[in-house]
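Participant: Pasting in a structure now, in structure tokens, and then I'll have a few things to ask.
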Amino acid sequence: MPTEVALLESRALRVEQMGRVDILDKVKSLVMLPDGIHVRTEDVARYFEVSTASVRRLTDRHQEELSENGLRVLRGPELRSFHGDMKSLWKEEGVESYPQAATQLRLYTRRTVLDVAMLLRDSDIARCVRTYLLDAEGSLRAQYETLDARVTRIESCLADVGSALQELGPVLCRMSERLDSLDRKVEATQQLVGAMSVRLSDLSQDVVRMDARFDARMEAFAHQLKDLRRRGGRR
């Protein structure tokens with residue numbers, strides 16, 4: 001885990017932390033200009049509770065790095081246009097006067113202010129911001145280590161599952177073969193039952209025909225008996 005000194009000295013470490021602008025408001029409220037994007041040099045000095053000159057000197061020493069993180073220097077028409085926009089926004093908020101820079105104006109974004117916090121040595125607020133950053137990184141590192149351990153356990157479990165599946169493969173193959181054999185037997189049984197059903201249907205028709213023939217013979221026999229009785233009575 002990096003130390004505060006390493007953060008002060010290493011630009012690469014500072015780059016890694018540039019996404020954590022939320023830390024600024026956890027330490028102290030950063031009052032932005034009416035556009036909600038920028039602050040001036042005096043606003044940065046007020047946030048870190050240092051002199052404006054200290055912020056200017058720091059900005060001069062690290063202007064390239066700070067420019068990469070949002071620092072802008074306005075002059076001429078661009079400065080006049082920005083002042084016009086700010087005056088309009090301040091009037092909407094009920095503020096009558098707006099302090100205007102005469103020749104140039106340095107504007108800082110939240111990323112720029114966070115960068116200043118990682119560069120400014122003689123400020124308790126800046127030190128507090130650095131402490132928050134380092135604590136947050138330590139917490140993230142601990143979470144990563146915990147997650148890494150969990151992933152390792154899952155991988156070991158999956159290895160056991162893999163070996164179990166390898167052992168289960170032949171068993172499943174044999175079961176599949178037995179099920180295929182059973183399917184063939186069931187199909188043969190269905191065919192046999194179908195044939196028996198056809199034969200039973202034919203037998204049922206034969207029985208119906210035999211019943212009809214038997215009934216006809218019995219009826220003929222009954223007529224013959226009646227004829228014999230009539231003949232015997234005449235005698």
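The values are calculated or read from the model by the stated rules, or taken from the named source; none is laboratory data. What you see is a predicted model; the values in this text were computed from it and never measured. Virtual Cβ from ideal backbone geometry, glycine too; neighbours counted across all protein chains shown. Calculation scope for accessible area: heavy atoms of the full protein, side chains included, ligands and nucleic acids excluded. Shrake-Rupley method; radii C 1.70, N 1.55, O 1.52, S 1.80 Å.
Participant: So which residues in the stretch 22-45 are acidic (Asp, Glu) and crowded, with 17+ Cβ neighbours inside 10 Å?
Facilitator: If the condition is that a residue be acidic (Asp, Glu) and crowded, with 17+ Cβ neighbours inside 10 Å, then ASP43 is the only one that fits.
Participant: When the residues of the stretch 119-145 are filtered to those that are open to solvent by less than 80 Å² (accessible area, probe 1.4 Å) and more than 25 Å from ARG56 (Cα to Cα), which remaining residue is modelled with the lowest pLDDT?
Facilitator: Among residues in the stretch 119-145 that are open to solvent by less than 80 Å² (accessible area, probe 1.4 Å) and more than 25 Å from ARG56 (Cα to Cα), the one modelled with the lowest pLDDT is ALA142.
Participant: Is there any pair linking a residue in the stretch 50-72 that is at positive phi to one that is open to solvent by less than 50 Å² (accessible area, probe 1.4 Å) and assigned to a helix (DSSP H, G or I), with Cβ under 8 Å and at least six apart or on different chains, and which?
Facilitator: Final answer for the pair search is GLY70/THR112.
Participant: Somewhere in the stretch 77-84, is a residue within 19 Å of SER123 (Cβ to Cβ) and of a type in the set (Phe, Trp, Tyr)?
Facilitator: No, the stretch 77-84 contains no residue that is within 19 Å of SER123 (Cβ to Cβ) and of a type in the set (Phe, Trp, Tyr).
Participant: I'd like the residue in the stretch 9-21 that is of a type in the set (Gly, Ala, Ser) and outside any helix (DSSP H, G or I) and, out of all such residues, is surrounded by the fewest Cβ atoms within 10 Å (Cβ to Cβ).
Facilitator: Top of the filtered list is GLY19.
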